[in-house]
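The values are calculated or read from the model by the stated rules, or taken from the named source; none is laboratory data. Small disclaimer: the values here were computed from a predicted structure and weren't measured. Here the Cβ positions follow ideal geometry from the backbone for every residue, glycine too, while neighbour counts run over all protein chains shown. Accessible surface areas use protein heavy atoms only, side chains included; no ligands, DNA or RNA. Shrake-Rupley method; radii C 1.70, N 1.55, O 1.52, S 1.80 Å.
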Protein chains: 2
Amino acid sequence: MADFTKEYFRMSESDVALYAHSRLDFFDMHAQLSCCEIGDGNLNYVFRVIDTVSGKSIIIKQAGPVARISDDFKLSPDRNRIESEILRLHQELAPSFVPEVYSYDPIMNCCAMEDLSDHQMMRLALIEHKKFPQFAEHISTFMANTLLLTSDVVLEHKAKKAMVKNYINPELCEISEDLVYTEPFYDCPRNIITPGMEGFIKENIWSDQALLLETAKTKHEFLTNAQSLIHGDLHTGSIFIKEGSTKVFDPEFAFYGPAGYDVGNIVANLIFAWANGKATILDPTQRGDFCAYLMETIQEVVDLFSKKFLKLWKEQARTRVEGCPGFKEYYLGTVLRDTSAVAGHELMRRIIGLAPVKDITIIEEEKPRLWAEKTCLTAAKMFIMERERIKTGDDFVKVVLAAEKQIGDFR
Amino acid sequence: MADFTKEYFRMSESDVALYAHSRLDFFDMHAQLSCCEIGDGNLNYVFRVIDTVSGKSIIIKQAGPVARISDDFKLSPDRNRIESEILRLHQELAPSFVPEVYSYDPIMNCCAMEDLSDHQMMRLALIEHKKFPQFAEHISTFMANTLLLTSDVVLEHKAKKAMVKNYINPELCEISEDLVYTEPFYDCPRNIITPGMEGFIKENIWSDQALLLETAKTKHEFLTNAQSLIHGDLHTGSIFIKEGSTKVFDPEFAFYGPAGYDVGNIVANLIFAWANGKATILDPTQRGDFCAYLMETIQEVVDLFSKKFLKLWKEQARTRVEGCPGFKEYYLGTVLRDTSAVAGHELMRRIIGLAPVKDITIIEEEKPRLWAEKTCLTAAKMFIMERERIKTGDDFVKVVLAAEKQIGDFR
């Protein structure tokens, strides 16, 4: 029988069932456990364990010693500690927007958490063209709370420095530094490029010296700006959603970085869903309706985030320095500038880099697929180059519409 | 007999002599040791131990549990570990510009290092109006090397993150956050203000909302920008100097912060020496000569630092991102912008805050004293408000001359 108390090993489905039975205080002794690996992320193994008698269920997530996506990424399983600690912290800062964590096991590098099987991964729901009218409200609260309440604006500075130290996350940061900030910007062998896009990318991205200079600046911003404890991978594949409920998970990339990183990721991934809608919904009314919903959501995410950020600042800013007139507006302006840049980076790296998104790859026909990719890249470039002036929800939406106009209709 | 191997205690002079004899492998067994406390800093106890037989000598520096300057500052003696590690690192990065460290003792929180009694503390030498023609050459090499070679430009990013973690320095940073970035900007009871300066400070500093807003921005830059492993307290009291030799010590404030912090401290402290010369040298030729030397040195420090920084970047930048045309000039521009702001902050905090400098306090007559303080504060404000445009050595010098012109002559 497997011993879970001595030394780490990668668990099989039956190991996990045994683990849930023997090591967790969750199922009762007469439970009949069935276990299934359900992970489709790039890094970890995710198991759902269900008691077929009571129907109670739980998720167990185990970190492996290398990434699933590629053996190139050797990863310390310390990310599992970071993940469980951050989920608990987010529970405090933004209750009801994260799954509950039941336990963390530093030997097996796994954690047990709430089963959200009644929710759907947001990316897949958006690909099915479902709408979630409360999403902007939910995610803007989650981001304003988690980003502002972990910053020097609110935290006592020595306590914040202890947090910075505890969440230094070199290996996961390296993935973002490479995949988001470096590889999309040259002909890197690891890039995955859709046939027919080579010329466009070479001409508009790799040859644009002004763009490359701006991406060097934004990369060093990512490397050095220890502003907020960010989620670090806040795309629609890290969100479970159902009508009236939004849950953010997978914070293993968390570290102290630019607050705009999370907001920019949300914006970019809503744009992918918009591009998918434009490219794949045949009925014009239905298409118009779904795409308008997404533009409205982007606008609301940015504007509600800004509003809640300023309100929370007023209530919680700790010292006279942060109370100085004009400072919170200036500070928010820098967060929105970074939001714009990161939206651009996320759009680029998912079209050019190693990790494409399903919203785009699911578009089977060549014409709409190339249209979607070109439109996303065109918007991406504007988001990076014009980041200093992009501040309101309306500004963000206008960039997407300008890119759409520039690329034209594929129909 | 005192036991140095069990538990920390504050050593007396005789304890230190005994310690040097029994715990260090430096003096021979027939040495006749004499010990004298020579520290005049704000935080630590510094002992010089000399063997009256051979003439060999050594410095032993012990950290106390509270600062010397005020019991308000409770300080972890971990700063002594940081100090000895940084001195050794600086030895590697900028050999010949730091004293040699012989040992570090984590129980007694002390380190033994090279005795530089043939050197003079630079602040005192400047107060004696001595000139050091090689200082700009030396300090610009020290700063370009220590600041660029510890940054993400040169260091592998995971190795840099390990360094960030190792040198998180909450208590010493808090001192700078309070004394440099907060207290000088309001009527804080801890401020030490020269009689006759109250009105000027109230009108020009505390009531200037635009200035207060800029200082909030620069404070958060200090709190969040993990750019380089900075010395953190690089004023002329942290430098031993003699003709042909410059030694930087006291790096206990070191942490990952804005590179411009060190450069700005050097500039500001040269300005204090200049103001002292203007205020106290009676002979016009001698005064003109000494003050011109200081303006020239400021110009050279900035320009040589910039030149060496760019050269080193070209030779050592690690990846294609840092090689992007225009990026090193942009990056240096941000370091010089921070240099300007920090020069302003250092000038302000030494005139208004808890820790005045001898260059100014030694000016006995009221008229020249007030002139010096007003001129320094006027320059300080320009350095903070106009930091985006201040880039060359000439720009820095012109700020001082403009401030001098604005305040007028006291004679």
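Of the conditions (1) open to solvent by 40 Å² or more (accessible area, probe 1.4 Å); (2) under 23 Å from the mean Cα position of the chain (by Cα), A:M122 fails just one. Which one is it?
Only one criterion is unmet by A:M122, namely (1).
Among the numbered criteria (1) over 25 Å from A:E322 (Cα atoms); (2) open to solvent by 20 Å² or more (accessible area, probe 1.4 Å); (3) at pLDDT 95 or above, which single criterion is violated by B:D208?
Every condition holds for B:D208 apart from (1).
When the residues of the range A:10-24 are narrowed to those that are touching a residue at least 60 places away in the same chain (Cβ under 8 Å) and in a loop (DSSP other than H, G, I, E, B), which ends up most open to solvent (accessible area, probe 1.4 Å)?
Step one: filter the range A:10-24 for residues touching a residue at least 60 places away in the same chain (Cβ under 8 Å), giving A:11, A:19-20, A:23-24.
Now narrow it down to the ones that are in a loop (DSSP other than H, G, I, E, B): A:11, A:24.
On the way: A:M11: 4, A:L24: 24 Å².
The selected residue is A:L24.
Have a look at B:E203, B:E300 and point out the one that is in a helix (DSSP H, G or I), more than 14 Å from chain A (Cβ to nearest Cβ), free of Cβ contacts under 8 Å to residues at least 12 places away in the same chain and more than 15 Å from the chain's Cα centre (by Cα). Let's see the steps before the verdict.
Working: B:E300 fails: free of Cβ contacts under 8 Å to residues at least 12 places away in the same chain.
When all the criteria are applied, what remains is B:E203.
Can you give me the number of residues within the range A:84-100 that are closer than 29 Å to A:T297 by Cα and open to solvent by 10 Å² or more (accessible area, probe 1.4 Å)?
So in the range A:84-100, the residues closer than 29 Å to A:T297 by Cα come out as A:86-100.
From the residues that got through so far, the ones that are open to solvent by 10 Å² or more (accessible area, probe 1.4 Å) too are A:88-89, A:91-93, A:95-97, A:100.
So the answer is 9.
Go through the range A:232-252 and count every residue that is open to solvent by less than 20 Å² (accessible area, probe 1.4 Å), over 17 Å from A:A136 (Cα atoms) and under 10 Å from the mean Cα position of the chain (by Cα).
Going through the range A:232-252 one residue at a time, the tally reaches 2.
Please give the number of the condition A:G326 fails out of (1) open to solvent by 60 Å² or more (accessible area, probe 1.4 Å); (2) within 14 Å of chain B (Cβ to nearest Cβ); (3) free of Cβ contacts under 8 Å to residues at least 24 places away in the same chain.
(1)
Looking at the range B:211-222, which of its residues are open to solvent by 20 Å² or more (accessible area, probe 1.4 Å) and either of a type outside the set (D, E, K, R) or more than 12 Å from chain A (Cβ to nearest Cβ) (or both)?
Listed by number, the residues that qualify are B:L212, B:L213.
Which residue pairs have Cβ atoms closer than 7 Å, lie 6 or more positions apart in sequence or on different chains, and pair a first residue in the range B:148-167 that is within 15 Å of A:N166 (Cα to Cα) and at the interface with another protein chain (Cβ under 9 Å from one of its Cβ atoms) with a second residue that is open to solvent by 20 Å² or more (accessible area, probe 1.4 Å) and of a type in the set (A, V, I, L, M, F, W, C)?
Pairs found: B:K161/A:I168; B:V164/A:I168; B:K165/A:I168.
Do you know which of the residues in the range B:360-399 that are within 20 Å of the chain's Cα centre (by Cα), under 30 Å from B:K308 (Cβ atoms) and of a type in the set (A, V, I, L, M) is surrounded by the fewest Cβ atoms within 10 Å (Cβ to Cβ)?
That would be B:V397.
State whether the residues of the range B:347-355 include one that is β-branched (V, I, T) and closer than 25 Å to B:L93 by Cα. Can you show your working first?
Taking the range B:347-355 as the starting set, the residues that turn out to be β-branched (V, I, T) are B:351-352.
Then keep just the ones that are closer than 25 Å to B:L93 by Cα; that gives none.
Scanning the range B:347-355 turns up no residue that is β-branched (V, I, T) and closer than 25 Å to B:L93 by Cα.
Within the range A:125-170, restricting attention to residues that are among the polar types (S, T, N, Q) and more than 30 Å from B:N169 (Cβ to Cβ), which residue is most open to solvent (accessible area, probe 1.4 Å)? Before you say what the answer is, go through the steps one by one.
At the first step, the residues of the range A:125-170 found to be among the polar types (S, T, N, Q) are A:134, A:140-141, A:145-146, A:150-151, A:166, A:169.
Okay, now just the ones that are also more than 30 Å from B:N169 (Cβ to Cβ), so A:134, A:140-141.
Working: A:Q134: 84, A:S140: 0, A:T141: 37 Å².
Here the answer is A:Q134.
Looking only at the range A:64-87, count every residue that is charged (D, E, K, R), touching a strand residue (DSSP E or B) at 6+ places or on another chain (Cβ under 6 Å) and modelled with pLDDT under 70 and tell me the total. It would help to see each step written out before you state the result.
Within the range A:64-87, the first condition is being charged (D, E, K, R), and the residues that meet it are A:68, A:71-72, A:74, A:78-79, A:81, A:83, A:85.
Retained after the next criterion (residues that are touching a strand residue (DSSP E or B) at 6+ places or on another chain (Cβ under 6 Å)): A:74, A:79.
Going one step further and asking which of them are modelled with pLDDT under 70, we end up with A:74.
Result for the range A:64-87: 1.
Please indicate, with yes or no, whether at least one residue in the range B:263-279 is farther than 17 Å from B:D359 by Cβ, within 14 Å of chain A (Cβ to nearest Cβ) and at pLDDT 95 or above. It would help to see each step written out before you state the result.
Of all residues in the range B:263-279, those farther than 17 Å from B:D359 by Cβ come to B:263.
Subsequent filtering for residues that are within 14 Å of chain A (Cβ to nearest Cβ) retains none.
Within the range B:263-279, not a single residue is farther than 17 Å from B:D359 by Cβ, within 14 Å of chain A (Cβ to nearest Cβ) and at pLDDT 95 or above.
Which ranges mark the helices (runs of 4 or more DSSP H) fully within the range B:74-172 that have 2 or more residues being touching a Pro at 6+ places or on another chain (Cβ under 8 Å)? Give the derivation first.
Details: elements: B:78-93, B:122-127, B:135-148, B:157-166.
In the range B:74-172, B:78-93, B:157-166 are the helices (runs of 4 or more DSSP H) which contain 2 or more residues that are touching a Pro at 6+ places or on another chain (Cβ under 8 Å).
Out of curiosity, is A:V357 under 24 Å from A:D40 (Cα atoms) and either in contact with a Leu (Cβ under 6 Å, 6 or more places away or on another chain) or open to solvent by less than 10 Å² (accessible area, probe 1.4 Å) (or both)?
Values: under 24 Å from A:D40 (Cα atoms): yes; either in contact with a Leu (Cβ under 6 Å, 6 or more places away or on another chain) or open to solvent by less than 10 Å² (accessible area, probe 1.4 Å) (or both): yes.
It is true that A:V357 is under 24 Å from A:D40 (Cα atoms) and either in contact with a Leu (Cβ under 6 Å, 6 or more places away or on another chain) or open to solvent by less than 10 Å² (accessible area, probe 1.4 Å) (or both).
For residues that are assigned to a loop (DSSP other than H, G, I, E, B) and either facing another protein chain (nearest Cβ under 10 Å) or in contact (Cβ under 8 Å) with a residue 40 or more places away in the chain (or both), scanning just the range B:173-187, find the one that is nearest to the chain's Cα centre (by Cα).
From the range B:173-187, those assigned to a loop (DSSP other than H, G, I, E, B) are B:180-182, B:186-187; that's our starting set.
Next, from what is left, pick out any that are either facing another protein chain (nearest Cβ under 10 Å) or in contact (Cβ under 8 Å) with a residue 40 or more places away in the chain (or both): B:180-182, B:186.
Working: B:V180: 12, B:Y181: 15, B:T182: 18, B:Y186: 24 Å.
Here the answer is B:V180.
Are there any helices (runs of 4 or more DSSP H) wholly within the range B:346-411 with 3 or more residues that are under 22 Å from B:E177 (Cα atoms) and at pLDDT 95 or above, and if so which?
On the way: elements: B:358-361, B:366-385, B:393-407.
Correct list: B:366-385.
For the range A:312-322, give me the residue count where each residue is free of Cβ contacts under 8 Å to residues at least 40 places away in the same chain, open to solvent by 30 Å² or more (accessible area, probe 1.4 Å) and of a type outside the set (S, T, N, Q). Step through it out loud before you land on a result.
In the first step, residues of the range A:312-322 are kept if they are free of Cβ contacts under 8 Å to residues at least 40 places away in the same chain; the result is A:314-315, A:319-321.
Imposing the further condition that a residue be open to solvent by 30 Å² or more (accessible area, probe 1.4 Å) reduces the set to A:314-315, A:319-320.
Then keep just the ones that are of a type outside the set (S, T, N, Q); that gives A:314-315, A:320.
Of the residues in the range A:312-322, 3 are free of Cβ contacts under 8 Å to residues at least 40 places away in the same chain, open to solvent by 30 Å² or more (accessible area, probe 1.4 Å) and of a type outside the set (S, T, N, Q).
State all residues of the range B:223-262 that are part of a loop (DSSP other than H, G, I, E, B) and under 15 Å from B:F132 (Cα atoms); if no residue qualifies, say none. First the steps, then the outcome.
First pass over the range B:223-262, keeping only residues part of a loop (DSSP other than H, G, I, E, B): B:226-227, B:231-235, B:243-244, B:249-250, B:254, B:258-259.
Within the range B:223-262, B:E243, B:G244 meet the criteria.
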